[in-house]
1. Answer yes or no as to whether A:Gln205 is crowded, with 22+ Cβ neighbours inside 10 Å and under 30 Å from A:Pro368 (Cα atoms).
2. Please note which helices (runs of 4 or more DSSP H) are completely contained in the range B:199-276 and include at least 1 residues that are more than 11 Å from chain A (Cβ to nearest Cβ) and surrounded by fewer than 15 Cβ atoms within 10 Å (Cβ to Cβ).
3. Filter the strands (runs of 3 or more DSSP E) completely within the range A:71-169 down to those with at least 1 residues that are within 17 Å of A:Ala27 (Cβ to Cβ) and touching a Leu at 6+ places or on another chain (Cβ under 9 Å).
4. Report, ordered by the first and then the second residue, all pairs with beta carbons closer than 7 Å, sequence separation of six or more or different chains, a first member in the range B:256-276 that is under 16 Å from B:Leu90 (Cα atoms), and a second member that is part of a loop (DSSP other than H, G, I, E, B) and at pLDDT below 75.
5. Hey, could you check the range B:188-198 for residues that are more than 9 Å from chain A (Cβ to nearest Cβ) and either not small (Gly, Ala, Ser) or not in a loop (DSSP other than H, G, I, E, B) (or both) and say which is farthest from A:Ser639 (Cα to Cα)?
6. Considering only residues that are of a type in the set (D, E, K, R) and open to solvent by 30 Å² or more (accessible area, probe 1.4 Å), which ones fall in the range B:75-114?
7. Taking the range A:306-335 as the region of interest, how many residues are closer than 30 Å to A:Ala542 by Cα and open to solvent by less than 50 Å² (accessible area, probe 1.4 Å)?
8. Given the criterion over 18 Å from the mean Cα position of the chain (by Cα) and over 23 Å from B:Ala107 (Cβ atoms), identify the matching residue among B:Arg41, B:Arg34.
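The values are calculated or read from the model by the stated rules, or taken from the named source; none is laboratory data. Note that the coordinates shown come from a computational prediction; the quantities given were computed from them, not determined experimentally. Note: ideal-geometry Cβ built from the backbone for every residue, glycine included; neighbour counts use all protein chains shown. Keep in mind that these areas ignore ligands, DNA and RNA; they rest on the heavy atoms of the full protein, side chains included. Shrake-Rupley method; radii C 1.70, N 1.55, O 1.52, S 1.80 Å.
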Amino acid sequence: MAKIGVFVCHCGENIASKVDTGNLVKALSDHPGVEICNEYKYFCSDPGQETVKRAIRENNLTGVVVAACSPRMHETTFRKACAEAGLNPYMLELANIREQCSWVHSDKDQATEKAIEITRSLVEKVKRNNELKPISVPVTRRALVIGGGIAGIQAALDIAGAGREVILVEREPSIGGHMSQLSETFPTLDCSQCILTPRMVEAIQHPNIKVLTYSEVEEVDGYIGNFKVKVRKKARYVDIDKCTGCGDCIQKCPVKKIPSEFECGLGNRTAIYTPFAQAVPNKPVIDKNRCTYFKNGKCKICQKTCQIENCIDFEMQDTYEEYEVGAIVVATGFQIQDTSVYGEYGYGKYKDVITGLSFERLASASGPTAGKILRPSDGKEPETVVFIQCAGSRDPSKGVKYCSKICCMYTAKHAMLYAHKHHGSNSKIFYMDIRAAGKGYDEFTRRAIEEDEAEYLRGRVSKVFEENGKLIVRGVDTLLGKPVEVAADMVVLATAIVPQPDAKEFAKRIGIGYDEYGFYNEAHLKLRPVETATAGIYLCGACQSPKDIPDSVAQASAAAAKVLGLFSREQLEREPVVAAVGESTCAGCWGCVYACPYNAIEQKEIRDRNGNLIKEVASVNPGLCQGCGTCVTFCRSNSIDLAGFTEKQIFAEVMAL
Amino acid sequence: MGIQEQYRSEAAALLSSGEVKLVIGFGAGSTADRRRPLFARTPEEAEKFVLDAACIANLSTYLVAEGLLSDGKKVGVFLKPDGIRSVNILISEAQLKPEQVVILGYAIENGKDVVPLEGCNISDFSIGEKIRSHTPPTHVIEAAEKIEAMSAEERFEFWKEEFAKCIKCYACRQVCPMCYCRRCIVDVNQPQWVSTSSHTLGNFEWNLVRAFHLAGRCAACGACDRACPVNIPLRLVNYRMGKEVRSAFDYVAGENSDQKPVLASFKQDDPETFIL
Ligand SMILES: Cc1cc2nc3c(=O)[nH]c(=O)nc-3n(C[C@H](O)[C@H](O)[C@H](O)COP(=O)(O)OP(=O)(O)OC[C@H]3O[C@@H](n4cnc5c(N)ncnc54)[C@H](O)[C@@H]3O)c2cc1C
Ligand code: SF4
Ligand code: SF4
Ligand code: SF4
Ligand code: SF4
């Protein structure tokens, strides 16, 4: 016989102001199977929980319904209370009469009626609940970090530093990300390479970190604590274990005029190349699309030059490796927006209209001009440089709606670097607002204005065109309310920060959410900023939103802390809400096998005593099942049931309404 | 030699060589214009096969009879394009192994001429307009369009009247090759989701459940329609569901046997109109 206790919570006034709890108690007291029904101001408080526990003990209750808030708020609280009173915690149901009732209704009579119905239906459900036991699953204490920019490197170092193994996957030939392209960094103006390269080297030399460059994550299966990932190591045509990084091959490669991606096209590279001098690993890669041998079957000069046998291998193929990991950190970073959408700024038309990232390369000591600010068109020093901020950001019509956050800062930095490198510099900055919130940030932009004489003009630029060898920048100064025209030698666009072009597709592949642009979604913007909605997958760096280095690094360490928290346990307790297949009725159509988003369903053979195959049926792996119920709804023969939400329970719940 | 003779001797040859254990075809029916399924196990029996424009049934439904193919032996079967489509669907749903089915394919043109279809393995038929053509006869489309043109209320009234006739004999389920489940959801009584009595609610529940279960799986053979003793135009429901699936997922059931069940599988370019 069912003996159900029903506990009606007022939630202060939250429920009681809209639901007549007295009536609710009266109605439920008469409901068949209800042994005891109480109301109280706050059942989640200590005395409230004590009441529930005492009622369980004194009345030998077989089930409990707390009519209160959403199970997301207090299911754990009351499950614990039940367990402490000796009742299986899964014999508890929360009837949500707050979010689903009192908060959304104004008519007290109707709200009360609805609250009664909701609570009744949960009583009918709980009568059919079964005692369940949490499933414990082992945790693989190894992490996968995807993306080897500063964020990924930092996360990997933190996890590895705590003694856990890390697989760091980077799709480019070298780790480092955008930070390796920067000249000096705001707000301290320290050289980017100087602070980054030690981290890169530490990562590759760390005994706990396995760095896989020129590799991509192809598949992610499994769940928190137990992911299986498949990594494709792209054919590099150079055996990095054998290669000493001497660079002789690069010297001899006859294809020398390939615009270097790393130099934003301002410098050239060869077909066999390392992207930059401090690349880690400092081992070349062959660009198959540009290599003469791959194009017409003749050359192999690099191979002939190489002193080491079989180091350069034109037959190399992509290889696949599988890893088991317990947690994944996504740190895939950003791209800059393609500025050619702004035809009026002349990007792509005039050589001396460049992006901020190109300016970084010009200002970089290791860059194509050895750190001199020279115009790409004629190599002359520009006398006047115009910087256009928000060239894409905060522009819903052509660019993106959001603020890219870092451009105000790096534009100020660019003006400063220009002033430091070129005396008599004349920089003019068109801006909408100067957003410089951050430690030392406002001081930094002030310095650009006050010490380095950057001239800030508040307003948008309407057009850039060439006249008598000058770039004429036409815009408005909204503070003076006047149109302005500046004759410049170079124009630098602070392009918007956008997600990686394949960000959405990649998110789908690994199973995380993204926003309208393709930046990855955190589980909660304020309270869970480094977790994704997929348990065990964490985020850091600019793949989540535009970020500067301090923020990226802070978030990377936060993600690492989450991973290490997970890895502090050997076992994870999982909800026993898992599906099971009724083998006698399963028709073996495999619909559920396709439908299951977690690949938790396998095919199983049923054999007779002599080993003859009778039939094949679906079989759920409870370790993988997340209890989503997709298979249950899919199965036409109604052969799958979900523990904790069985068809009988749901049916009783519905019929009670 | 006419097609009937040709296929009789092909069937006889399949049986006498032992390649197949059984050939499912048509024999004479109770009246001159009806044909009934004939199961030939010997070359002699194969001589009784009839093949003419009255052979419209979709014989693939017998292939999923419990235990028929569990010995791994092959079976021959006379199939029109719709039957071939259903075999494709059954293969993609793992109910048949392609190598176990030998097809004697034919098509009926202009309602009277019976022409052979080249090939004998299901893979021989996977392409080709005849198989791909999913257009049901014009009168079906016309009838469907008439219903589509109705207002929601009129449409509801129409189907209410039609479904009111249903006597829950489950002949539609019995004849449909896609209704191969050993236990149909209507036979589940713990809990009883679909009520068994043939009142309005029960009838709606049954006919709608069947419509959903066939969405993206119906071969458009019309067997259900013909089987229904009270003449409910069932294929119109299935035609409509097929149309929905086609417009949403660019998917026509039975085009080939490599298709993944459309409503169970996920493609990256699937529309997400249901996500608000
Ligand atoms: C012009 C400019 C100037 C800047 N100046 C400063 C400055 O002065 N100070 C400052 O603090 N910040 C500055 N920044 C911002 C800084 O670059 C970023 O904060 C930082 O690079 C973010 O690091 P990240 O690791 O998140 O991303 P990234 O640096 O973009 O690194 C991401 C890495 O992930 C890899 N990756 C991407 N997708 C995959 C995949 N699917 N599989 C494997 N690997 C993948 C990429 O190849 C890349 O190596 C500047 C940015 C720009 C554009
Ligand atoms: S969907 Fe149902 S019938 Fe089909 S394989 Fe899965 S459990 Fe079996
Ligand atoms: S409930 Fe079913 S579909 Fe969902 S994860 Fe479990 S087995 Fe897969
Ligand atoms: S639902 Fe009707 S038309 Fe469709 S395959 Fe089944 S029997 Fe044929
Ligand atoms: S064949 Fe007709 S009467 Fe029989 S169950 Fe199907 S729809 Fe109802």
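1. Judged against the criteria, A:Gln205 is not a match.
2. Working: elements: B:200-214, B:223-227, B:234-249.
Output list reads B:200-214, B:234-249.
3. Working: elements: A:92-96, A:135-138, A:142-146, A:165-169.
Those strands (runs of 3 or more DSSP E) span A:92-96.
4. Close Cβ pairs (under 7 Å, with a partner that is part of a loop (DSSP other than H, G, I, E, B) and at pLDDT below 75) amount to B:Asn256/B:Ser126; B:Ser257/B:Ser126.
5. Of all residues in the range B:188-198, those more than 9 Å from chain A (Cβ to nearest Cβ) come to B:189, B:194-198.
Filter again for either not small (Gly, Ala, Ser) or not in a loop (DSSP other than H, G, I, E, B) (or both), leaving B:189, B:194, B:196.
Numbers: B:Asn189: 13, B:Val194: 15, B:Thr196: 19 Å.
So the residue we want is B:Thr196.
6. So in the range B:75-114, the residues of a type in the set (D, E, K, R) come out as B:80, B:82, B:85, B:93, B:97, B:99, B:109, B:112-113.
Of everything in the range B:75-114, those that are of a type in the set (D, E, K, R) and open to solvent by 30 Å² or more (accessible area, probe 1.4 Å) turn out to be B:Lys97, B:Glu99, B:Glu109, B:Lys112, B:Asp113.
7. Step one: of the range A:306-335, the residues closer than 30 Å to A:Ala542 by Cα are A:318-335.
Still in the running and open to solvent by less than 50 Å² (accessible area, probe 1.4 Å): A:323, A:325-334.
The number of residues fulfilling the criteria is 11.
8. Working: B:Arg34 fails: over 23 Å from B:Ala107 (Cβ atoms).
Checking each option against the conditions leaves just B:Arg41.
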